[in-house]
Amino acid sequence: MRFTRTGLVTVLLVVAALFVGSWLTQYLPNPDDFRDDPFPVAGAVGEPVRLRNSEFTLTKVQAAKRYEAFRQVAATDGVFVIVDFTFVPLTEPGILAGSQNEVRATDGRVFGGSPPLPSNCGPTNPGLPVTCQIPFEVPSDALVGLVLAIPAENGSHSRDNVTEIDLGITPEVAEQFAATDAQVSIHSSRPVER
Amino acid sequence: MTNPTWWRRNRLWLLMLAPLLLLAVATSSFRLVTLYLPWEWSRPTVAHAPTGTLRHQFLGSDDVRREREVTVTIVSARSVPSSDGILPAPGAALWQIELEFVASPDQILQFCTIELADAAGPRYGNQGGKVDADGEPTFANALQFCVPEDAPGPTLESFTGQLVPSPEERPATWRLTYALGLPSDAEPTELRIGWDRPEYLVLQLP
């Protein structure tokens, strides 16, 4: 084997390139850090929010200490934040399971899962909206700035569209919500005129 | 800096770069082909007519692979004000569809999925768009009963996989009527019917 000047330069260039490359990679984003990130679609009360397969319009946000559904009453030491919204699938029949929705507090806490009393939205066909009410049990100190997260696909809060709807709960509203002693009767999913 | 000699020496690999990249993309799509598409209605048999035959293999809940062959004909499809006590929901129209099925008595055909589709693309199923006389939604199962009630033919128990024989032999031909709630401005052009994903039959509305 014979060492040449060109060969030496090539080796040095390769080593330098490897060094620069490995140094650069520490500044590049790691796929594990964002692979499961959702694709949020922001919105506000009264605004239609379109996900890839459905559209939601949040119409009302209210608070209750107890709520009634299917002739049963659920009570809480915190607050039930009850959201009214319309849901309409866009391309194929759809149903939104009540257990799939979440509200997220500004400090990162997430509330949701199966509500004390079952509440699904739909099923319905594309172009035929239904109106639904879904309650979330939340501690009083998490009310300000709550955001509603509804996934495009039941069971999938990652790698897919998720709503990010600001419930509009200011500190003043949160104070009123926390002081509520109301009992709200929740209706089941029902069709509404377009 | 370009070196013509290097380019000439490696021209074969350079030419192969594009097809190799395409091959890499194709091989990385195995999840789509083996995990996703088999669980979706992804393999249509398009009849281009109101009648057609679906032939495919399916894996039953007893882990046995069987052949299925069934011919379906749309006898009629029309918008009606009500059907069997069911009314259209606000903003909806009720479509009544009569289907004729032809299959040998040993075919397992108990539950199927029936959908209407319009030229714009959306698919409309059995659920939603229907209310009762009091205006309450009549939410139904997405699956439809696709055999005569008194002679359903052989059925498979969902959990045990046990094959249950028919109480009486199913006739070779039978007719059933379905009602689907669609938006009032939808104009369905085709009907999709399937028993086990991913194969389904596409029929043109008469």
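The values are calculated or read from the model by the stated rules, or taken from the named source; none is laboratory data. This structure is a prediction, so every number in the text was calculated from the model and none was measured. In this analysis, Cβ positions are derived from the backbone assuming ideal geometry, glycine residues included, and neighbour counts consider all displayed protein chains. For the accessible areas, the whole protein counts, side chains as well, though only heavy atoms, and no ligand, DNA or RNA atoms are used. Shrake-Rupley method; radii C 1.70, N 1.55, O 1.52, S 1.80 Å.
Worth a mention:
- Residue check for B:Arg192: outside any strand (DSSP E or B), within 14 Å of chain A (Cβ to nearest Cβ) and of a type in the set (Lys, Arg): no
- Look at (1) β-branched (Val, Ile, Thr); (2) without any contact (Cβ under 8 Å) to a residue 60 or more places away in the chain; (3) more than 14 Å from chain A (Cβ to nearest Cβ) and you find that B:Thr138 fails only one, number (3).
- The range A:170-194, subset in contact (Cβ under 8 Å) with a residue 60 or more places away in the chain and under 10 Å from A:Leu143 (Cβ atoms), residue surrounded by the fewest Cβ atoms within 10 Å (Cβ to Cβ): A:Gln176
- Matching residues, the range B:112-121, being within 12 Å of chain A (Cβ to nearest Cβ), open to solvent by less than 40 Å² (accessible area, probe 1.4 Å) and hydrophobic (A, V, I, L, M, F, W, C): B:Ile114, B:Leu116, B:Ala117
- Residue, nearest to the chain's Cα centre (by Cα), within the range B:8-44, restricted to residues that are open to solvent by 50 Å² or more (accessible area, probe 1.4 Å) and polar (S, T, N, Q): B:Thr34
- Qualifying residue in the range B:50-59 (condition: small (Gly, Ala, Ser) and in a strand (DSSP E or B)): yes
- In a residue-by-residue description of the range A:174-187, the property of being over 23 Å from the mean Cα position of the chain (by Cα), within 14 Å of chain B (Cβ to nearest Cβ) and in a strand (DSSP E or B) applies to no position.
- Contact map, the range B:56-85: residues that are without any contact (Cβ under 8 Å) to a residue 12 or more places away in the chain paired with residues that are open to solvent by 70 Å² or more (accessible area, probe 1.4 Å) and charged (D, E, K, R), Cβ distance under 7 Å, separation 6+ or inter-chain. Pairs shown: B:Gln57/B:Arg65; B:Gln57/B:Glu67.
- Residues in the range B:160-185 that are open to solvent by 10 Å² or more (accessible area, probe 1.4 Å) and within 13 Å of chain A (Cβ to nearest Cβ): B:Ala179, B:Ser184, B:Asp185.
- Complete set of residues in the range B:90-111 that are outside any loop (DSSP other than H, G, I, E, B) and within 14 Å of chain A (Cβ to nearest Cβ): B:Ala92, B:Ala93, B:Leu94, B:Trp95
- Residue selected from the range A:150-164 under the condition in contact with a Pro (Cβ under 8 Å, 6 or more places away or on another chain) and more than 14 Å from chain B (Cβ to nearest Cβ), by the criterion surrounded by the fewest Cβ atoms within 10 Å (Cβ to Cβ): A:Ser158
- Restricted to the range A:88-145, and to residues there that are at pLDDT below 90, open to solvent by 20 Å² or more (accessible area, probe 1.4 Å) and away from every other protein chain (no Cβ under 11 Å), the residue that is farthest from A:Val49 (Cα to Cα) is A:Pro116.
- Hey, B:Gly85 under 29 Å from A:Thr124 (Cα atoms), more than 14 Å from chain A (Cβ to nearest Cβ) and surrounded by fewer than 19 Cβ atoms within 10 Å (Cβ to Cβ) or not: yes
- For the range A:60-83, the criterion of being within 30 Å of B:Pro122 (Cβ to Cβ), within 14 Å of chain B (Cβ to nearest Cβ), touching a residue at least 12 places away in the same chain (Cβ under 8 Å) and open to solvent by 70 Å² or more (accessible area, probe 1.4 Å) is met by no residue.
- Filter result for the condition that a residue is within 24 Å of B:Gly161 (Cα to Cα) and in a helix (DSSP H, G or I), over B:Leu17, B:Leu35, B:Leu23: B:Leu35
A quick yes/no check of all residues on (1) over 30 Å from B:Arg192 (Cα atoms); (2) of a type in the set (Lys, Arg):
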| position | (1), (2) |
| --- | --- |
| A:Thr86 | no, no |
| A:Glu92 | no, no |
| A:Val103 | yes, no |
| A:Arg109 | yes, yes |
| A:Leu128 | no, no |
| A:Val138 | yes, no |
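- Any hit, the range B:122-132, residues being open to solvent by less than 40 Å² (accessible area, probe 1.4 Å), in a loop (DSSP other than H, G, I, E, B) and more than 12 Å from chain A (Cβ to nearest Cβ): no
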